[in-house]
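Notes follow once the structure below has been shown.
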Amino acid sequence: MRLPSSSNFRTVGGPARSLRNLYRSDHLGALVDADAAQIRALGISRVLDFRGVQERATAACRLDGVQVHSLPIEPTIVQKLTAMAAAGQRLEAADIVAHMQETYRNFVRQGTPRFAEFFRPLPASTHPPVFPCTPGKDRTGFAAAMLLKAVGASDEEVWQDYLLTNDRLQLPARTRLALAPEAMHVLWRVQPGFLQAALDEVDARYGSLEGYFREGLGLGEAQRRTLRALYLPD
């Protein structure tokens, strides 16, 4: 499915195997009626929204009749780059890469309670959820990676899902950041080094991904069995 008003709306997983009844997306605040109807036809009843307070205020979800769970992780990368641009600093591609890696490390350092909240409502209903952030690539991308590993997906499947954003997400024509084209290209795409920075932080703080599931996200084997039953394809 390719939606003109939500270019990064898709199933979770790679080309070989997608999870069933589960969707990830860029924000749903610009949906046209036809695209909203297509999404509703999938049976989606819950939106697990990682956007920050201002992001939600300026682009409220345009899906009628759904339950929205707010899981706000503020977009610190935008705030940092805005401040740097306002100070007259010219941001090169390498600067954006470094800031993006730090953003991903902070998903583990600071955002873990929110990602733990993300997992709690997933087993509560068989109706499909969708989990967006604004571009659907970083906060959503990390959540998707954790979910895929929690249900037993291979590393290859995780990376395929993560990098598929680069084929789907449409770069905005304009941005208030006034970035150079090469820097904008980095900001609005994903790189293996971004997610790897988060995975390295998981190992440093929790010893392993399994330790992160248990101690950080509160995912025991019973919860993971439920997730596998709900979302793994037959």
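Among residues of region 66-81 that are farther than 14 Å from residue 100 by Cβ, those with a beta-carbon under 6 Å from a residue that is of a type in the set (Asp, Glu) and at pLDDT 95 or above at least six positions away or on a different chain give the pairs 68/49; 70/49; 71/117. Residues in region 145-171 that are out of contact with any Pro (no Cβ under 9 Å at 6 or more places or on another chain), of a type outside the set (Asp, Glu) and more than 14 Å from residue 228 (Cα to Cα): 145, 158, 166, 168, 170, 171. Among the residues examined, residue 136 does not qualify as more than 16 Å from the chain's Cα centre (by Cα), part of a loop (DSSP other than H, G, I, E, B) and on the phi > 0 side of the Ramachandran plot.
Output the residues belonging to region 137-169 that are basic (Lys, Arg), within 19 Å of residue 105 (Cα to Cα) and open to solvent by 10 Å² or more (accessible area, probe 1.4 Å). Full working, then the answer.
Keep residues of region 137-169 that are basic (Lys, Arg), which gives 137, 139, 149, 168.
With the extra rule that they be within 19 Å of residue 105 (Cα to Cα), the set shrinks to 137, 139, 149.
Hits for region 137-169 are 139, 149.
Only one of the numbered conditions (1) in contact (Cβ under 8 Å) with a residue 24 or more places away in the chain; (2) in a loop (DSSP other than H, G, I, E, B); (3) open to solvent by 40 Å² or more (accessible area, probe 1.4 Å) is not met by residue 105, and that is (2). Within region 183-234, being in a helix (DSSP H, G or I), closer than 25 Å to residue 84 by Cα and of a type in the set (A, V, I, L, M) holds for 183, 184, 186, 187, 195, 197, 198.
Among the residues of region 78-88, is any in a loop (DSSP other than H, G, I, E, B) and among the small types (Gly, Ala, Ser)? Don't jump to the end; show me each part of the working.
Let us first name the residues in region 78-88 that are in a loop (DSSP other than H, G, I, E, B), namely 87-88.
Imposing the further condition that a residue be among the small types (Gly, Ala, Ser) reduces the set to 87-88.
Within region 78-88 (the criterion being in a loop (DSSP other than H, G, I, E, B) and among the small types (Gly, Ala, Ser)), the answer is yes, since at least one residue qualifies.
The values are calculated or read from the model by the stated rules, or taken from the named source; none is laboratory data. These numbers were taken from a predicted model, which means no experiment stands behind them. When we count neighbours, we look across all protein chains shown, and the Cβ atoms used for this are built from the backbone with ideal geometry, even at glycine. The accessibility values were calculated without ligands, DNA or RNA, using every heavy atom of the protein model including side chains. Shrake-Rupley method; radii C 1.70, N 1.55, O 1.52, S 1.80 Å.
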